[in-house]
1. Cα axis of helix A:80-112 to longest principal axis of chain A: angle in degrees, 0 to 90, nearest 10?
2. Where nothing but the Cβ of Lys and Arg (+1) and of Asp and Glu (-1) is charged, how large is the charge dipole of region B:256-398 around its Cα centre, in debye to the nearest 20?
3. Taking the Cα-to-Cβ direction at A:ARG265 and at A:ARG12 and moving 7 Å from each Cα, how far apart do the two end points lie in nm?
4. Using the beta-carbon distance between A:LEU354 and B:ASN129 and R0 = 60 Å, what value does 1/(1 + (r/R0)^6) give for FRET efficiency, to the nearest 0.05?
5. Using a simple charge model, +1 on the beta-carbon of Lys and Arg, -1 on the beta-carbon of Asp and Glu, nothing else, what dipole does chain B show about its Cα centre, in debye to the nearest 20?
6. Select from B:VAL78, B:VAL330, B:VAL140 the residue whose mean-square fluctuation is largest in a Gaussian network model of chain B (Cα-Cα springs shorter than 10 Å).
7. Determine the sum of side-chain charges near A:LEU306: Lys and Arg each +1, Asp and Glu each -1, restricted to other residues whose C-beta is under 13 angstrom from that of A:LEU306.
8. First measure r as the distance between the Cβ atoms of A:LYS300 and A:LYS336, then evaluate 1/(1 + (r/R0)^6) with R0 = 35 Å and state the FRET efficiency to the nearest 0.05.
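Every number here is computed from the coordinates shown, using simple stated rules; none is lab data. For clarity, every value in this text was computed on a predicted model and none was experimentally measured. Here the Cβ positions follow ideal geometry from the backbone for every residue, glycine too, while neighbour counts run over all protein chains shown.
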Amino acid sequence: MTSISSRKITARQLYFYLACVTPVGKLVILPARLANYAGSDLLLPAIAHILLQAAAVFCVLLLAKRNKSFFELLENSVGKIAARIVILIISAFLFFVSLVPLLEQKSFVQGTFYDTIPSLVAFAPFFLLSAYLCAKPLISYGRTWDILGPLAIVGIVGILILSVTQADFGAILPIGSEGIMKFLQGTGYTFCWFFDAPILLFLLGKIEPEKGLAWKGSLFYLLGGLCVIFFIVVFYGIFEQTAVNQIFGFSKTSKYFSGMTVLGRVDFLFIYALAFVMIFYTTLPIQAGIEGILQAFGRKKYLPTLLSLGVNLVLIILTAVFDYEFGNVMHFYSEKIFFIFPVFTLLLPALALLLRRKRHETS
Amino acid sequence: MKLHKFIKTIPLKLYLILLGFILFSFFSNDFGLVDVQKTAVILAAGIDKTEEGFALTTQIAVPKGDDRTQGGTSSVEVNAEGATVSDCVTEIFAKTGWVPKFVFCNLILLSEEAAKEDTISELNYFLRNEYMNDSCFLAVCEGKAEEFLATKSATDDTSSFAIVKLFSDAAEKSGKVMPNTLKDFAVGYYSLSESSYMPFLRAEDQKTSPSKEEGSSGQEGGQGGQGGQSESEKIYRAEETAIFSKGKMADVLTPEETLAFSLLHGNVETGTFGTKDEEKAITLTVLKNKGSVKLETKTSPKVNFKLDVMVRLCCRGTTAPIEDISSDDVKPQILENAKETLDEYIHSLWNTIVNADCDLFNLKRDLYRSSAKKYRVWKDYFPTAVIPTFETKVTSQK
């Protein structure tokens, strides 16, 4: 039996993550925010983001064949101290960005699965699972993705089948009519939902090398992105100008299916499936951040547990503090500090290609 | 050895327990428990305009009967007034001690007066409420919504249940009613066309036979000691359709115009309409219906109403030989008459919406979708300056 430290994430597991798990986080609040910022041209910023992220994923996966962790690559290029500082900054970014899916999921659970706002305690078990997962190596996600991938496919396909008949696809016409400013606004203000590439940085050295991994990986990411784009079109086709008011996207579109009056809300089966996948999507940036610190400072005996408990405790406190501030927090992330995100999600993966293959020997 | 194996599997067990725990907390919905002592399950809401603002009437479900043989749902109406609909909801809470729960609300009724003012200000609360079912039906009623909801239905224990039955899929396929939901009304209002519709409701006294009336009042007199004062039972009609422009009710479509509207939507299946055969009334059944309203923008804005209907003779108002009854053939003259009838309905519908300045067929929106440039030039001429063309085809079953 192989120990967890020697185990690697297979290409299949990675593709499941890129094609099936990453789209789920973009189906909740993002469509409504895109409609708010870009109007009927909401599709264009979504396409731009997906293409940019696919390019960033390509850059990161090109580094995978070097078979070294991100910290090792950094250390080879900039030395140990600087590498540790860079890793700490990236980890801090991932903890910071994890608040977006976290608060999103909390609101989603409270707003979709409960008839009246439940107490915060209903969401508390999430942190127990998160603390458990984050204490484990990031590699443990491989098998989880094997399960989440098919589950996400069932959820997304089910929701789309039930929703597509209700959509008026002409709603996005004429494409480009909202103007360049709306496109820029829509792209800029929704950066905080696209942070998939920097997470992959901490999987470097843990992925089984495969020929053409980089282009295949970005192709699978594009495939997932295509699902997101199609969902956004369906979403806007159903709600049109009122789409800005429809947060919790994927739980809303399928309920107008004509058979629902006879069958009841069968769409909840698919919504449950996606909500389940979202649990792991939400914990991923937290775990990736912890993984980065462990790469930089070594996997000492109790360090993973302590880090996991500490980070999750801070997140519990932030979730409680921002319990009624969801709108303000989202506003802060998307409109106030939007310029931070491309630095980490696009520039960093591109710059990572410049890292040296071998340690620079000083004479 | 066993202990070692047990310790080794602890993480997996812990993982599964935590996963179970999280699924339980996320998806249990507190087991969907509703404390009926503390919660008002609102079945329908009626909105009237007042000088101060709004009057909200909520129809709240209460359990009926003290044994299994007397099941069903009864209801009470609770009213409140306030500057906003939200104030009214708070007032209802204060009056009854019940927390108003709109998740089961299936009908929002607007009074005629309220509908003539800014409807969206009345629906604002419901559009914002995350726990409101936006598939709930909307309707305008004659008179006050408060009084309308409080009427006694002849067909159901609760008036709102009887009204919602009029909006069923089967009723919609008959072509006699054009139901609309909160979501679709809002989509229409916030679109470039700023137009929408909802059924216009009327209540009629149910004519009962004298013997039934006597029996009923005698029974009530015996039970409640109010013999002779029984409230008249009502039946509801929704064959007319209120049309809205910029959020205000602009006009009411007649039942014939409503049928034409429904046919143009392609909704009708087994619905009926009347025409003439040699000056005698006959009824035709619509077997198949295809309808479309297309905007042409090549030179000037034109709208083409296209209707393709397959019919069967349903009934004659006169005696007929058995050969006529057994035959599926419909005489060409009847088809021609049917075409004229439907043409007349569609013309009438077009005239009504033009006079009401209501873009019921979303022509402005379609113009924008086809060309934003032309939209900017022509938008102010819709729908008045649009040239209509009509293409109606009536065929019979072969």
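1. Approximately 20 degrees, to the nearest 10.
2. It works out to roughly 1040 debye.
3. With each label placed 7 Å out from Cα toward Cβ, I get 3.6 nm.
4. Taking R0 as 60 Å, the efficiency between A:LEU354 and B:ASN129 is 0.70.
5. Computed charge dipole of chain B: roughly 2480 debye.
6. Top of the fluctuation ranking is B:VAL330.
7. +3
8. Values: r = 37 Å, r/R0 = 1.06.
That pair, A:LYS300 with A:LYS336, gives E of 0.40.
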